[in-house]
């Protein structure tokens with residue numbers, strides 16, 4: 001059961017993870033997880049837990065996990081946006097073909113405001129990018 005266990009376990013939290021060292025080197029061969037650090041995915045901060053001193057191996061494992069996690073979250077973010085585009089298309093189809101007047105009344109104003117806000121941001125960002133490429 002314990003042959004394939006990793007040396008570290010990362011309990012994902014909202015802004016990062018709690019890092020545990022996994023061990024089975026005891027008489028009962030039970031899995032022990034000792035919290036050794038917390039890591040913040042947004043700013044890359046690694047804080048040792050309590051009086052723990054992190055070894056080079058600990059820091060390397062945490063750094064590797066951090067890089068992988070940041071890449072994973074960035075990919076998810078883009079995928080979420082592409083799903084939102086699909087959902088906007090489905091919403092347009094629903095509004096055109098199936099929505100009742102009452103349903104449209106319920107969602108029209110909030111959708112128009114959200115789309116106006118999104119359009120304003122996208123146009124401004126596109127203009128900024130075009131300005132940089134010309135300059």
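The values are calculated or read from the model by the stated rules, or taken from the named source; none is laboratory data. Since the structure is predicted, the reported quantities are computational estimates derived from the model, not experimental observations. Backbone-built Cβ (ideal geometry, glycine too); neighbour counts: all protein chains shown.
Tell me, yes or no, whether segment 77-90 has at least one residue that is under 30 Å from residue 49 (Cβ atoms), assigned to a helix (DSSP H, G or I) and without any contact (Cβ under 8 Å) to a residue 60 or more places away in the chain.
The first filter runs over segment 77-90 and keeps only residues under 30 Å from residue 49 (Cβ atoms), leaving 77.
Filter once more, so that each one left must be assigned to a helix (DSSP H, G or I): 77.
Those left that are additionally without any contact (Cβ under 8 Å) to a residue 60 or more places away in the chain: 77.
Looking for residues that are under 30 Å from residue 49 (Cβ atoms), assigned to a helix (DSSP H, G or I) and without any contact (Cβ under 8 Å) to a residue 60 or more places away in the chain, one finds at least one in segment 77-90, hence yes.
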### Query
If the Cβ limit is 7 Å and pairs must be 6+ apart or interchain, which residue in segment 47-69 that is closer than 12 Å to residue 10 by Cβ pairs with which residue that is in a loop (DSSP other than H, G, I, E, B)?
61/7; 66/41; 66/44; 69/41
### Task
Output the number of the condition that residue 131 fails; it satisfies all remaining conditions of (1) at pLDDT 95 or above; (2) over 30 Å from residue 37 (Cβ atoms).
(1)
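Give the residue that is surrounded by the most Cβ atoms within 10 Å (Cβ to Cβ), with candidates limited to residues of segment 14-32 that are closer than 21 Å to residue 69 by Cα and touching a strand residue (DSSP E or B) at 6+ places or on another chain (Cβ under 8 Å).
Taking segment 14-32 first, the residues closer than 21 Å to residue 69 by Cα are 14-22.
Of the ones still in play, those that are also touching a strand residue (DSSP E or B) at 6+ places or on another chain (Cβ under 8 Å) are 15-22.
Working: 15: 12, 16: 23, 17: 21, 18: 16, 19: 27, 20: 18, 21: 20, 22: 14.
Applying the filter and picking the extreme gives 19.
Look at segment 91-108 and say how many of its residues are surrounded by 10 or more Cβ atoms within 10 Å (Cβ to Cβ) and part of a helix (DSSP H, G or I). Spell out how you get there, then give the answer.
In the first step, residues of segment 91-108 are kept if they are surrounded by 10 or more Cβ atoms within 10 Å (Cβ to Cβ); the result is 91-95, 99, 103-108.
Right, trim to part of a helix (DSSP H, G or I) and you get 91-95, 103-108.
Residues flagged as surrounded by 10 or more Cβ atoms within 10 Å (Cβ to Cβ) and part of a helix (DSSP H, G or I) within segment 91-108 amount to 11.
Does segment 42-60 hold any residues that are in a strand (DSSP E or B), out of contact with any helix residue (DSSP H, G or I) (no Cβ under 8 Å at 6 or more places or on another chain) and surrounded by 14 or more Cβ atoms within 10 Å (Cβ to Cβ), and which are they?
From segment 42-60, those in a strand (DSSP E or B) are 46-48; that's our starting set.
So of that shortlist, the ones also out of contact with any helix residue (DSSP H, G or I) (no Cβ under 8 Å at 6 or more places or on another chain) come out as 47-48.
Once the filter is applied, which keeps residues that are in a strand (DSSP E or B), out of contact with any helix residue (DSSP H, G or I) (no Cβ under 8 Å at 6 or more places or on another chain) and surrounded by 14 or more Cβ atoms within 10 Å (Cβ to Cβ), segment 42-60 yields only 48.
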#### Entry: Residue identified as under 23 Å from the mean Cα position of the chain (by Cα) and over 30 Å from residue 17 (Cα atoms) among 110, 121
121
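Here is a check on your reading of the model: is residue 73 touching a residue at least 24 places away in the same chain (Cβ under 8 Å) and either surrounded by 10 or more Cβ atoms within 10 Å (Cβ to Cβ) or over 30 Å from residue 39 (Cα atoms) (or both)? Break it down into steps so the answer makes sense when it comes.
Working: touching a residue at least 24 places away in the same chain (Cβ under 8 Å): yes; either surrounded by 10 or more Cβ atoms within 10 Å (Cβ to Cβ) or over 30 Å from residue 39 (Cα atoms) (or both): yes.
When the stated conditions are applied, residue 73 passes them.
Tell me which residues, restricted to segment 7-41, are part of a loop (DSSP other than H, G, I, E, B) and out of contact with any helix residue (DSSP H, G or I) (no Cβ under 9 Å at 6 or more places or on another chain). Write out each step before concluding.
Narrowing segment 7-41 to residues part of a loop (DSSP other than H, G, I, E, B): 7, 14-15, 24-31, 41.
Hits for segment 7-41 are 14, 15, 24, 25, 26, 27, 28, 29, 30, 31.
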